[in-house]
Amino acid sequence: MNFMHFPKEELDEMERYYITLYAKNGYQSRNKDTGGGAGKQELGERKPPRGYYDGVVQGKKMLAKELSHIMDKHLIVEIKPEKAGNKVSQKMFEKFKGLLEEGVDS
């Protein structure tokens, strides 16, 4: 085996050099930084991690999309006859339709 030996002071610099060299030559690395101590640089774009809130938002969108699909195919949704003239009921019905449209747009 052929091993490279570098003085301890040069290890960070050489690590960055070889990681960059291999990345430029098409090798893929799971690690997105160039390695080597302080002053690390990014090799590629790093996506921000998805958090709990992102998952909740995605779940709401999926639910709205699924409900919208079921309602379009199988259900009739309307305001109760006794509440037909009620402005609050009309606003709530519009709000409900708006919530369903959020999932369809995305």
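The values are calculated or read from the model by the stated rules, or taken from the named source; none is laboratory data. Fair warning: this is a prediction, and the values are worked out from it, not measured in the lab. Neighbour counts run over all protein chains shown; Cβ positions are idealised from the backbone, glycine included.
Once the range 9-64 is narrowed to residues that are modelled with pLDDT of 85 or more and polar (S, T, N, Q), the residue that is surrounded by the fewest Cβ atoms within 10 Å (Cβ to Cβ) is N25. Of the residues making up the range 70-100, just one is part of a loop (DSSP other than H, G, I, E, B), surrounded by 11 or more Cβ atoms within 10 Å (Cβ to Cβ) and not aliphatic (A, V, I, L, M), namely N86.
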